[in-house]
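Read through the structure below, which is laid out as structure tokens, and then see the notes.
The values are calculated or read from the model by the stated rules, or taken from the named source; none is laboratory data. These numbers come from a predicted model, not from an experiment. Backbone-built Cβ (ideal geometry, glycine too); neighbour counts: all protein chains shown. Accessible surface is based on the protein model in full, side chains and every heavy atom, while ligands, DNA and RNA are left aside. Shrake-Rupley method; radii C 1.70, N 1.55, O 1.52, S 1.80 Å.
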Amino acid sequence: MTRFADRLIDAARQHGPLCAGIDPHAGRIPALFGGDTPDGLEAWGLALVRAFEGRVACVKPQVALFERHGPEGMKALQTVSRAAKEAGLIVLMDAKRGDIGSTAEGYAAAYLGKHAPFHADALTVNPYMGLDTLEPYVREGEANGKGVIVLVRTSNPGSADFQSKNLEGAPLYARVGEALAPLAERLMGQSGWSGLMMVTGATGPAEARAIRTLAPKSLFLVPGYGAQGAPAADAMAGFVPGPAGLEGGVVSASRSVNFPAGTETAPDVETWTGMVRDAVAAAQADLKGVMTPA
Ligand SMILES: O=c1ccn([C@@H]2O[C@H](COP(=O)(O)O)[C@@H](O)[C@H]2O)c(=O)[nH]1
């Protein structure tokens, strides 16, 4: 069984650091696909998978934006994530789960279990309730070659409210980063990278560098690039030199590659696909410009 970290770093080296989100925001699914309905989400999500295939290492479906349509929305999520896996894309499921250990076992089984109904290679989780609550995810990760993506320093404007508070001489996010070291060891791949990933927002490049010092082997998931405005250089602040340039994680972008200008009124799926692919190519080129300076 190939370890998750090895699959992800291989794919990022091959395709570039961009992780394309699949975020079906309310009211933004083009009429071309049926609009903001469960069927519309499914058709749009499947078209995104076809547009991304062979162009990005991974996709990141946003569970909340499917869940708002109830069971039919979750069925669409299941269909789209299965199609992504079948297309050879690594699926980072963004559900930000977190609960006491016995309940977390349910979330872990749903997304990372051997017979998980939702097709995911890794799941985002919230560490706020303590290390014991992360155990079920790490156990499933070890057993099934999956990854666990822990929120450490998020990209939103309020991320400093709690995460930057001083805790015995260091910010809370740093304490979280260092406390995850034993879990990172358990998900270590042969590449030397760990599938215990950390979310480090592109909006906090200094924080990302600090977390990299504390967690030299954890792959990062970096949101905040694209629609949230952080530049490529900030998004890759926590990356380090590797065989093919800077590496150490993936940079996610959702709205900027889901709804590029013009797609809302694209006359047909072929035109729409071309616009999405252009947005992906532009983001990969932008990020690769930082990865391999001229
Ligand atoms: O700190 C975080 C953690 C997760 N996210 C998620 O990433 C995408 C960002 O979408 P954009 O359209 O590229 O802004 C979205 O799914 C968030 O839930 C984050 O933004 N920040």
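Overview of results
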quantity	calculated
Selection of chymotrypsin sites (Phe, Trp or Tyr not before Pro), the range 52-146, meeting DSSP coil and at most 10 other Cβ within 10 Å	none
Stokes-Einstein D in µm²/s, Kirkwood radius over Cα pairs - the range 38-190 at 10 °C with 1.306 mPa s viscosity	96
Carbon + sulfur, % of accessible area of the range 92-229 - ligands and nucleic acids excluded, 1.4 Å	56
Per-residue HN-Hα couplings for the range 75-92 [Karplus 6.51, -1.76, 1.60; θ = phi - 60°; Hz; x = Gly/Pro]	5, 4, 4, 4, 5, 5, 5, 5, 4, 5, 4, 5, 7, x, 8, 7, 10, 9
For the chain, built as a Gaussian network whose Cα springs stay under 10 Å, the top-fluctuating residue of GLY130, GLY141, GLY73	GLY130
Loop sites in the range 1-87: GluC sites (Glu not before Pro), DSSP, at most 14 other Cβ within 10 Å	none
Long-range amide H partners of GLU247 with built H, under 5 Å	VAL240, GLY242
Phi-based couplings in Hz for the range 60-69 (Karplus 6.51, -1.76, 1.60; Gly and Pro marked x)	10, x, 9, 4, 3, 7, 8, 4, 4, 9
Heavy-atom accessible area per residue - the range 94-223, 1.4 Å, Å²	42
Amide H partners (placed H, <5 Å) of VAL152, local residues excluded	VAL199
Amide hydrogen neighbours beyond the local backbone of GLY147, cut-off 5 Å, H modeled	ALA122, LEU123
Chymotrypsin sites (Phe, Trp or Tyr not before Pro) within the range 181-259: DSSP coil, no more than 10 neighbouring Cβ in 10 Å	none
Ellipticity estimate at 222 nm from DSSP helix runs (n ≥ 4, -39,500 (n - 2.57)) divided over the chain, nearest 500	-13000 deg cm²/dmol
Rg and Dmax of the range 228-294, Cα atoms only, in Å	14.1, 43
Amide N of the range 1-45 lying under 13 Å from the label point, which is placed 7 angstrom from the Cα of GLN190 along Cα→Cβ	1-7, 10
Fluctuation leader among THR265, THR203, THR273 - the chain, Gaussian network, Cα springs under 10 angstrom	THR265
Per-residue HN-Hα couplings for the range 48-54 [Karplus 6.51, -1.76, 1.60; θ = phi - 60°; Hz; x = Gly/Pro]	4, 4, 5, 5, 8, 3, x
Solution diffusion estimate, µm²/s, Stokes-Einstein, the chain, Kirkwood Rh from C-alpha pairs, 10 °C, viscosity 1.306 mPa s	84
